Each structure stands twice: as structure tokens, then as C-alpha cells.
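Here is the structure we will look at, set down as C-alpha cells.
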Amino acid sequence: MNNIASDNEIIELLRNERECERGFRLLLKTYGNKLYWHIRRIVVSKEDAEDAMQETSIKIFSKFDSFKGDSSLFTWLYTIATNEALQVLRCRCNLFQSVDSDGVGERLRETMYAENDVDVKTAEVVFQEALLTLPTQQRLAFNMRYYDELSYEEIAEVTGKNVSTLKSNYHFAVEKIKKYIKENAL
């Protein structure tokens, strides 16, 4: 991973009372864009992504003293971002509805079309539609593996799922995406 600053430098600054604001700015400069797009792929909506990113930033800053270093800084940040994105998704999609239910994907597809003013189905649109048909856990595993290029072990640290479950989720996601694209090809 090509970081602007090393994790050790960021951690040292954040743990120094006089330098913590500088450390936080450096953390966001180093990881902010990756965290934002990770969140955006989960919630789809720009507004929801901004809300989740704001909550993620607040939680990182206010809870940094709970970072013990038993995982990498990157996975700790991704865990917070993932949890905040899923929380926003739960709130937007109905508190009583599971984020793995079929209705969530349909709502997210509607959001994708509304925000992007999509008139024509391009290969990218069909691919994004395919992703949004996946149950949330499969979509998370796929996004982290495909877009973020995380290892299964890193994804396990972020999600709290075991590696074999993640491998299965990714495999099923790939198969469902292939099937969707084949059935909906241009």
C-alpha cells in the first residue's frame, strides 16, 4: 500500500497530545479517500457516504486511545468505516429490515440511478447493478477483495468473519455477478 505517511508516524502523532490534530489530518490525508470509497461502495448514496465518513472520522478521533496496535492501523480504520457504513445502511433501509434482505439491493439500485442520472446501460452500470443484487455480506467480501485488494485475512480482521466464510462469500458473489452480467448483457 502506497501511504503518504507511515502508520507508525501517524500513531505517534495521534498519541502525542500536542500533535494529535496534525496526526489526524495526516491520517485522513493518507487513508481518507480509500475509506470514503470503501464506505460509498457499501451505501451507494453520496450523502450517506458523507454521513458515514463523518461518523467514521469522529469515532476514529474520539476512540483512538482504544487502538491497541494488535491489528494494523489500516484494518482498525476499515473496521470502523465498515461498521459506520452498515449502520447508515440499516437506518436508511429501515431499522427493522435486515441489511441482507432483498429489498436493500433494490433501494441501492434506485439510489444509483437517481444520483447518477443513468439513462443508458453501459457495461459499468450492468456491473454495478450486479453488485447491488448481492446480499450485503457477499458484497462486502467482494468489494474488499476486488476493489480494496485486501487479503482474506485482512477482511476477516475488519469484518470479524472467518476466512472460509469470506472465501465462500466471495466465490458466490463472483458466480452471481457472472450470471447477472450474462443475463443482462448489452
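The values are calculated or read from the model by the stated rules, or taken from the named source; none is laboratory data. Note that this is a predicted model, so its numbers are computed, not measured. In this analysis, Cβ positions are derived from the backbone assuming ideal geometry, glycine residues included, and neighbour counts consider all displayed protein chains. Just so you know, the surface numbers come from the protein's heavy atoms only, side chains and all, with ligands and any DNA or RNA stripped out. Shrake-Rupley method; radii C 1.70, N 1.55, O 1.52, S 1.80 Å.
Would you mind telling me which numbered condition in (1) closer than 30 Å to Leu134 by Cα; (2) open to solvent by 10 Å² or more (accessible area, probe 1.4 Å); (3) not in a loop (DSSP other than H, G, I, E, B) Ser71 fails?
Among (1) closer than 30 Å to Leu134 by Cα; (2) open to solvent by 10 Å² or more (accessible area, probe 1.4 Å); (3) not in a loop (DSSP other than H, G, I, E, B), Ser71 violates only (3).
Among the numbered conditions (1) open to solvent by 40 Å² or more (accessible area, probe 1.4 Å); (2) over 20 Å from Glu157 (Cα atoms); (3) of a type outside the set (Asp, Glu), tell me where Lys34 comes up short.
(2)
Checking Lys63 against (1) in contact (Cβ under 8 Å) with a residue 60 or more places away in the chain; (2) loosely packed, with under 15 Cβ neighbours inside 10 Å, only one condition comes out false. Which one?
Looking at each condition in turn, Lys63 falls short on (1).
Quick check on Arg40: is it under 25 Å from Lys161 (Cβ atoms), open to solvent by 20 Å² or more (accessible area, probe 1.4 Å) and at pLDDT below 95? Reasoning before the result, please.
Details: under 25 Å from Lys161 (Cβ atoms): yes; open to solvent by 20 Å² or more (accessible area, probe 1.4 Å): yes; at pLDDT below 95: yes.
Considered against the rule, which asks whether it is under 25 Å from Lys161 (Cβ atoms), open to solvent by 20 Å² or more (accessible area, probe 1.4 Å) and at pLDDT below 95, Arg40 comes out as yes.
Being at pLDDT below 95, outside any loop (DSSP other than H, G, I, E, B) and surrounded by fewer than 17 Cβ atoms within 10 Å (Cβ to Cβ) narrows it down to one residue among Glu129, Glu115, Glu149, Glu153; which is it?
It is Glu115.
Identify the residue in the stretch 43-83 that is β-branched (Val, Ile, Thr) and within 18 Å of Asn143 (Cβ to Cβ) and, among all such residues, is modelled with the lowest pLDDT.
Val44
Out of the stretch 16-27, which residues are in contact (Cβ under 8 Å) with a residue 12 or more places away in the chain and surrounded by fewer than 17 Cβ atoms within 10 Å (Cβ to Cβ)?
Scanning the stretch 16-27 gives a single hit, Cys20.
Do we find that Ala185 is at pLDDT below 80 and either open to solvent by 70 Å² or more (accessible area, probe 1.4 Å) or farther than 30 Å from Ser72 by Cβ (or both) in this structure?
Numbers: at pLDDT below 80: yes; either open to solvent by 70 Å² or more (accessible area, probe 1.4 Å) or farther than 30 Å from Ser72 by Cβ (or both): yes.
Yes: the conditions hold for Ala185.
If you scan the stretch 42-56, which residues turn out to be among the small types (Gly, Ala, Ser) and either within 19 Å of Tyr31 (Cβ to Cβ) or without any contact (Cβ under 8 Å) to a residue 24 or more places away in the chain (or both)?
Ala49, Ala52
Give just the number: which of (1) surrounded by 19 or more Cβ atoms within 10 Å (Cβ to Cβ); (2) part of a loop (DSSP other than H, G, I, E, B) does Asp48 not satisfy?
(2)
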